[in-house]
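Enquirer: Supplied in structure tokens, the structure appears directly below.
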Amino acid sequence: MSHCRCIVYPCRYIRAGIFLMLLAAPLYASESPPIQKTPMSGGDGSVEQFDHNAYSLPLGNMSMTKRLDFSVGNSFFRNPWVAAPASTEARDGLGPLFNTNSCQGCHIKDGRGHPPTGDENPIALFLRLSMPSSQADPTTLEQRGALPVPSYGLQLQTAAISGAEPEAKMLIEYRPREVTFADGTSVTLQEPLYSIAEPAYGELPEDLQTSPRLAPPMIGLGLLEAIPEAGLLAAADPDDADGDGISGRANQVWDLRTGNTVMGRFGWKAGEPSIEQQGLHAFAGDMGLTSSLVPQTDCTQRQGCDEFPNGGTPEVSDDVADFVTFYASSLAVPMRRNMDDPAVKRGADHFNALGCASCHTPRHRTAADVVRPALADQIIWPYSDLLLHDMGDALADHRSEFKADGREWRTPPLWGIGLAQTVNPRAGFLHDGRARTLEEAILWHGGEAEEATQGYRALPEDQRAELIRFLESL
């Protein structure tokens, strides 16, 4: 039986008429995916917080001493950085080119960002840039994952400090795409069309590659980092040797700390190996701030960034970097809700019967030898295998990143997703926020998830609603 392939929870279904048979029959030759029976999605550190601050609490099992470090990290994550020189020496050096002036500016309330509307300047959504990988030397691809664009680098910066010119404007238009269910009802999706206007540092190449990226939620990152690599790699099946239609594979990325190629597990294409490296790359790319691990920003020689004052060498001190990394690895996962609701229970059955759990692996266990006790030996329910999956043309960005190709995306965790629009009412789903609802996210999936999407469309309305109710309970 084939299963799902998803950025966010699409599932495979064969025919609505044999739905009850599928529920009764085993999904796998070995055992069915587990059904979560505990509300503690993030292990012992899960928190009972379900309002707009649901994503912003420290791990519930963290010591009071460590909570002080969490608070310090939070201050550097939340507060804006400023241009140098400034009296705020610990937070100066912004830019001169950047996308936002604070981590919280993208990760709103530690949650998802949202696409801009109207004449808004994009903040939580930006464009990755690159040239075709066929033009790059092997070392560049091994260590940077993509070939930078002359004069523009690997990311489009749409803001600048006084005296500097933003790289360009990112424009988004939407065109409608109607999807009809088997029962005759329909929903209208919005398909984004991206363009770049008013480039300030020379013409953009005709073979420019772009990839929109929305800021993802921050919860549970430390727990994901603590999952043993061996277990994740054991679930990979890059050649689909078992013939089930699922060929998840791990990205292989450059680790700046060790100088080696290792498994990637963070970012939309699993292009980062650690929370630390992901965060410090964001400091450099999103805010134009250097660190000892990432001493260069995305600024190019033509843009003349060296002519502007800097905030020191490095601008993000090692102490600040450590505090922010600790904060990012310590945000708790909210507990599940409404688990006894019969509709939610039926939705969980649909989730498994449709094959969603073949990509959105419900349960993992963190390593027992993790240095931090709050993260060690925890049974967690992230609903992700952290592997790359082919999502088809509808979601393809046609831009590679290390070993991930232009149709592949990492399966994102689903824990806490039912609170995404409670934390940020404008939050979008999928890698660029195009999906305004969970159902829209399901319907966008193609490629290896095409049959899954078609199966969802074949479900009766009440069963579709039950599946959504389950997702909202996570």
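The values are calculated or read from the model by the stated rules, or taken from the named source; none is laboratory data. Not measured: the values here are computed from a predicted model. Backbone-built Cβ (ideal geometry, glycine too); neighbour counts: all protein chains shown. With ligands, DNA and RNA removed, areas are computed over all heavy atoms of the protein, side chains included. Shrake-Rupley method; radii C 1.70, N 1.55, O 1.52, S 1.80 Å.
Enquirer: Does the range 452-464 contain at least one residue that is touching a Gly at 6+ places or on another chain (Cβ under 7 Å) and open to solvent by 30 Å² or more (accessible area, probe 1.4 Å)?
Expert: No, that holds for no residue.
Enquirer: Given the criteria over 19 Å from ARG410 (Cβ atoms), in contact with a helix residue (DSSP H, G or I) (Cβ under 8 Å, 6 or more places away or on another chain), in contact (Cβ under 8 Å) with a residue 40 or more places away in the chain and surrounded by fewer than 16 Cβ atoms within 10 Å (Cβ to Cβ), does GLY288 qualify?
Expert: no
For every residue, the table says whether it meets (1) open to solvent by 10 Å² or more (accessible area, probe 1.4 Å); (2) touching a residue at least 24 places away in the same chain (Cβ under 8 Å); (3) touching a Ser or Thr at 6+ places or on another chain (Cβ under 8 Å); (4) closer than 20 Å to HIS445 by Cα.
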residue: HIS360; (1), (2), (3), (4): no, yes, yes, yes
residue: ARG363; (1), (2), (3), (4): yes, yes, no, no
residue: VAL371; (1), (2), (3), (4): yes, no, no, no
residue: ILE380; (1), (2), (3), (4): no, yes, yes, no
residue: LEU395; (1), (2), (3), (4): no, yes, no, yes
residue: SER400; (1), (2), (3), (4): yes, yes, yes, yes
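Enquirer: How many of the residues in the range 62-117 are surrounded by fewer than 17 Cβ atoms within 10 Å (Cβ to Cβ), assigned to a loop (DSSP other than H, G, I, E, B) and not aliphatic (A, V, I, L, M)?
Expert: The total comes to 7.
Enquirer: Out of all the residues in the range 323-358, which are more than 16 Å from GLY418 (Cβ to Cβ), open to solvent by 30 Å² or more (accessible area, probe 1.4 Å), in contact (Cβ under 8 Å) with a residue 24 or more places away in the chain and out of contact with any Asp or Glu (no Cβ under 6 Å at 6 or more places or on another chain)?
Expert: Those that are more than 16 Å from GLY418 (Cβ to Cβ), open to solvent by 30 Å² or more (accessible area, probe 1.4 Å), in contact (Cβ under 8 Å) with a residue 24 or more places away in the chain and out of contact with any Asp or Glu (no Cβ under 6 Å at 6 or more places or on another chain): PHE323, ASP349.
Enquirer: Under 6 Å by Cβ, and 6 or more places apart or on different chains, what pairs join a residue from the range 85-102 that is closer than 16 Å to GLU167 by Cα with one that is among the β-branched types (Val, Ile, Thr) and open to solvent by 10 Å² or more (accessible area, probe 1.4 Å)?
Expert: LEU94/VAL82; GLY95/ILE161; PRO96/ILE161; THR100/ILE123
Enquirer: Report yes if THR313 is out of contact with any Lys or Arg (no Cβ under 6 Å at 6 or more places or on another chain), of a type in the set (S, T, N, Q), open to solvent by 10 Å² or more (accessible area, probe 1.4 Å) and closer than 30 Å to ALA396 by Cα, otherwise no.
Expert: Here the answer is no, as THR313 does not meet what is asked.
Enquirer: Separate question: State all residues of the range 361-417 that are closer than 26 Å to GLY43 by Cβ, out of contact with any strand residue (DSSP E or B) (no Cβ under 7 Å at 6 or more places or on another chain) and among the hydrophobic types (A, V, I, L, M, F, W, C); if no residue qualifies, say none.
Expert: Within the range 361-417, ALA367, ALA368, VAL370, VAL371, ALA374, LEU375, ALA376, TRP381, LEU414, TRP415, ILE417 meet the criteria.
Enquirer: Scan the range 402-418 residue by residue and report those that are touching a His at 6+ places or on another chain (Cβ under 7 Å) and either open to solvent by 10 Å² or more (accessible area, probe 1.4 Å) or not in a loop (DSSP other than H, G, I, E, B) (or both).
Expert: Answer for the range 402-418, where residues must be touching a His at 6+ places or on another chain (Cβ under 7 Å) and either open to solvent by 10 Å² or more (accessible area, probe 1.4 Å) or not in a loop (DSSP other than H, G, I, E, B) (or both): GLY406, GLU408, TRP409.
Enquirer: Inside the range 147-163, can you point out the residues that are touching a Lys or Arg at 6+ places or on another chain (Cβ under 7 Å), more than 24 Å from ASN260 (Cα to Cα) and not in a loop (DSSP other than H, G, I, E, B)?
Expert: Of everything in the range 147-163, nothing turns out to be touching a Lys or Arg at 6+ places or on another chain (Cβ under 7 Å), more than 24 Å from ASN260 (Cα to Cα) and not in a loop (DSSP other than H, G, I, E, B).
Enquirer: Considering only the range 118-146, state which residues are under 24 Å from TYR174 (Cα atoms) and either assigned to a strand (DSSP E or B) or at pLDDT 95 or above (or both). Outline the logic, then answer.
Expert: Taking the range 118-146 first, the residues under 24 Å from TYR174 (Cα atoms) are 118-130.
Residues satisfying the conditions are ALA124, LEU125, PHE126, LEU127, ARG128, LEU129, SER130.
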